[in-house]
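The values are calculated or read from the model by the stated rules, or taken from the named source; none is laboratory data. No experiment lies behind these values; they were computed from the predicted model shown. So basically every Cβ, Gly included, is an ideal-geometry build from the backbone, and we count neighbours across all protein chains shown. Protein only, heavy atoms only, side chains kept; ligands, DNA and RNA dropped before computing areas. Shrake-Rupley method; radii C 1.70, N 1.55, O 1.52, S 1.80 Å.
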Amino acid sequence: MNEPTPVRAGDALEWLHEQGKRRAGTAPEFDVEETLRKVRAVQDADAHALAAGRLAASSPQPLFRPPTRDDTVSRTSLRGHDFEPNPLAATTAAEFMAVLRDYRVWSGDPSWREMARRTGGVSHSTLYNAMNRDTLPSLRLVRAIVVGCGGNDNDLQEFSAAWQRIQENREGGFRLVRHAGEHIGQTP
Amino acid sequence: MTADWIGRPAPRHGPYRDIESLIRATHDELGRVAFRCLGHRADAEDALQAAFVKVLRCWPKVAGLATSAQQHAYLVTVVTNETLQIRRQVHRRRELPAVDEAEPGWTPDFPGGYGQTAREHLRLVWQAISGLPNENREVVILFAAGYEYKEIAEMLGVAVSTVRSHVSSARKRLLRGFPDDREEGLG
């Protein structure tokens with residue numbers, strides 16, 4: 001009887017259920033005003049943090065440090081052939097996101113945590129969530145992803161330009177899209 | 001006897017548009033749920049407040065739900081998840097909790113043995129429960145809090161048969177062993 005019987009979590013579930021039943025009707029009163037005070041305090045703190053975040057985003061040197069030399073990937077591969085995905089070829093948000101995903105693979109398929117480390121301030125889950133959607137993330141986040149993939153200034157510029165064009169096109173109708181398409185099609 | 005949930009006024013139809021009226025309307029019943037889960041006044045209060053803070057942070061999502069009943073169900077889920085967090089913290093904070101402290105109302109019939117062993121087993125049981133898939137987990141936590149299938153179904157706005165199947169699939173998963181065993185390919 002002193003030997004502990006090996007418990008299986010399944011049995012314990014019934015036991016817990018019985019224990020829980022005994023607590024029925026014994027709950028104390030909880031002060032709703034206290035909860036409201038706490039929630040409001042958090043709300044204020046969040047608002048402050050957000051304001052601080054906005055300041056940081058508009059400052060000339062944003063969250064991200066420039067990639068170090070080791071972080072950057074080689075520009076050319078396979079005897080001068082360069083398969084670097086071209087963001088300027090994208091005309092819709094979905095295409096842009098596809099290029100961004102290709103770009104990540106092209107740059108050596110870095111892990112989400114590694115990317116987060118390189119950006120120095122964006123969490124791995126934010127990066128993951130942004131990249132697994134087909135909607136356009138914020139420009140700040142796009143730049144974070146490019147930096148996270150070890151991109152250089154040129155890549156940053158191209159992705160930013162592509163982002164701006166798609167963002168503008170959302171409301172601006174077809175003109176620019178068609179223009180971009182023709183441009184890509186003009187291979188002699 | 002178990003009138004913690006059943007017998008509350010019929011849910012109004014439209015969703016709550018501001019967080020304060022949502023908190024005022026749901027505070028008492030969610031407090032009772034948190035207490036049923038944790039059995040500790042202070043712990044339950046922590047879970048309750050943490051849950052509402054979480055709701056604040058995803059308010060657009062909660063405000064966007066179609067009915068107040070859906071908001072209720074969502075809040076119950078958030079509360080149950082918070083009780084798990086609190087449980088984890090409690091195990092860390094109170095190095096060696098007496099079993100009756102870790103699980104108030106403890107009686108010597110706990111199938112896991114006595115004293116120290118029971119305490120460790122209880123911790124493993126909760127660890128196993130937190131490892132369950134999301135949809136099973138909330139149902140199991142509520143079941144472990146002593147709610148009947150019918151009550152759980154009403155709280156979460158799902159069918160009784162759904163609750164039953166979640167509990168039974170969770171039981172199967174739990175019987176398969178603790179997470180430690182699972183890695184050795186017992187499945």
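Things to note:
- Between A and B, roughly 4100 Å² of accessible area is buried in total, ligands, DNA and RNA not counted and the probe set to 1.4 Å.
- Label-to-label distance, nm, for residues given as residue A:161 and residue A:124 (7 Å Cα→Cβ offset): 3.4
- At R0 = 51 Å, FRET efficiency that the Cβ-Cβ distance of residue A:168 and residue B:24 yields, to 0.05: 0.70
- With the simple model of a label 7 Å out from the Cα in the direction of the Cβ, residue B:58 to residue A:14 spans 3.5 nm.
- If you take all other residues with their beta carbon under 14 Å from the beta carbon of residue B:136, and give Lys and Arg +1 and Asp and Glu -1, the sum is +4.
- Fully extending the segment from residue B:66 to residue B:17 would add 16.6 nm, taking 0.36 nm per residue of separation and subtracting the current Cα-Cα distance.
- Number of partner chain Cβ atoms within 10 Å, mean per residue of B:135-147: 3
- Rounded if a/c under 1.5, otherwise prolate or oblate - segment A:110-164, Cα gyration tensor axes: oblate
- Förster radius 41 Å - calculated FRET efficiency between residue A:109 and residue B:41, Cβ distance, rounded to 0.05: 0.25
- Look at the stretch B:35-41: the mean tally of other chain Cβ atoms within 10 Å of its residues' Cβ atoms is 4.
- In this structure, the residue pairs whose Cα-Cα separation is over 30 Å, taken from A:38/B:172; A:38/B:150; B:61/B:150, are A:38/B:172; A:38/B:150.
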